[in-house]
1. Just need the relative contact order of segment 161-216 here, percent rounded to a whole number, with Cα pairs under 8 Å and 6+ apart.
2. Length gain on complete extension for the stretch Gln202 to Lys62, per 0.36 nm per residue less the alpha carbon to alpha carbon distance?
3. How large is the helix-only mean residue ellipticity at 222 nm for the chain, computed as the sum of -39500 (n - 2.57) over DSSP H runs with n ≥ 4, divided by its residue count, in deg cm²/dmol to the nearest 500?
4. Using modelled amide H (1.01 Å from N, peptide plane; none on Pro or chain starts), what sits under 5 Å from the amide H of Asn102, excluding residues fewer than 5 places away?
5. Can you give me the distance in nm between label points at Asp154 and Thr271, each placed 7 Å from the Cα along the Cα-to-Cβ direction?
6. Over the chain, what is the relative contact order in percent, taking alpha-carbon pairs closer than 8 angstrom and at least six residues apart?
7. I need the peptides 21-27, 244-250 ranked by packing, meaning the mean over residues of other C-beta atoms within 10 angstrom, with the highest value on top.
8. Please report the orientation-averaged projected area of segment 100-150, defined via the convex hull of its C-alpha atoms, in nm².
Amino acid sequence: MYLSIMKQDLVSVLTPFKNTADFLPACIKSIQSQTHTFWELLIVDDHSTDSSYDIVKSFAEKDPRIKLFKNNGTGIISALRLAFKESKGTFITRMDSDDIMNPDKLQSMLLDLKDHGKGHIALGLVQYFSDSGSLGDGFQRYETWLNKLTLKGDNFKEIYKECVIPSPCWMVFRADLVSCKAFEPNRYPEDYDLTFRFYEAQLNCIPSKKALHEWRDYPNRASRTDAHYSKNHFIPLKLRYFLKLDFDNSRPLALWGAGNKGKMVAKKLITEGIAFTWLCNNEKKIGKHIYDQELYSFRQLQNLKQPQCIITVANPDEQATIKHHLQSLGMQPMIDYYFFC
């Protein structure tokens, strides 16, 4: 009976790595120090050129829970696909090879999932840290925003702004991950794409007040250097899922913002043959044409019948003003308007 219960509680940790020799020992030791000890680490070398493979091999030789593989493809998606294929756990989570788990991370998320059942995502608060002792304002703002959502489990309410589920701090039932067809498409950024798949599958986020993950920032981190994580990939991904999941083609569509992100959205909408009214609050641009599309004052929005509106204005103060204006028109977030940044 005990062995049966333990088997049901096996947690599979999926971890790709590439040239993270400086951080792998701390990462693996943090997994080995978990209060929940019934886990397996599926760790995949994505063609490292430093000593990373040998470091992991030395751990794997001493701990049979660590299962080391070499990526038979190229890139993080291929590595995750292999790790998932080789996993056996009822519960699946992901870990970055340069980060650190807090000791009760696996146990806390596992208990949350067991309490709430399938159809849920277990989460935890995250804390950025840097060996240099300093973090950029962008990372600090992202941490604050992300944790505020996680405290209430409201993550999907702002899904079009940024990735609302931290890639190394979630856990789901295996069956739910299979139903989401995770890691099947070669679509980057893969963590944001998976978040949209969770959203599409209508999984529910479990609120959490516990800091469970330490997220390392350093100059060579993939999110800083890999072209797959550039902002040019984020806007097309957001628009792809908006058009698939939330766009109502029986209603007029408005696009608010004519900066770089607004232009990217406009170009894609034109390519897709989707009509839209382009709005801005820059007097110098109103009446001008970009891509043969006239720009109108934001006041034009009230002349549209039950519109949906995409906002690409990034300035926080301007966003607050825009939100107030939309609410004054009786428009509701994630039904009538969507912030894309």
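What follows is calculated from the coordinates using simple rules that are stated; it is not laboratory data. This structure is a prediction, so every number in the text was calculated from the model and none was measured. When we count neighbours, we look across all protein chains shown, and the Cβ atoms used for this are built from the backbone with ideal geometry, even at glycine.
1. Values: 24 pairs, mean separation 24.3, N = 56.
Result for segment 161-216 is 43 percent.
2. Details: separation 140, 0.36 × 140 = 50.40 nm, distance 4.06 nm.
This chain segment gains 46.3 nm when fully extended.
3. On the way: 12 runs with 121 residues, N = 341.
So the helix-based figure for the chain works out to -10500 deg cm²/dmol.
4. His213, Glu214
5. 3.4
6. On the way: 589 pairs, mean separation 51.9, N = 341.
Normalised by residue count, the contact order of the chain is 15 percent.
7. My ranking of the peptides, most packed first, is 21-27, 244-250.
8. Details: hull surface 17.6 nm².
Its Cα hull, projected and averaged over all orientations, spans 4.4 nm².
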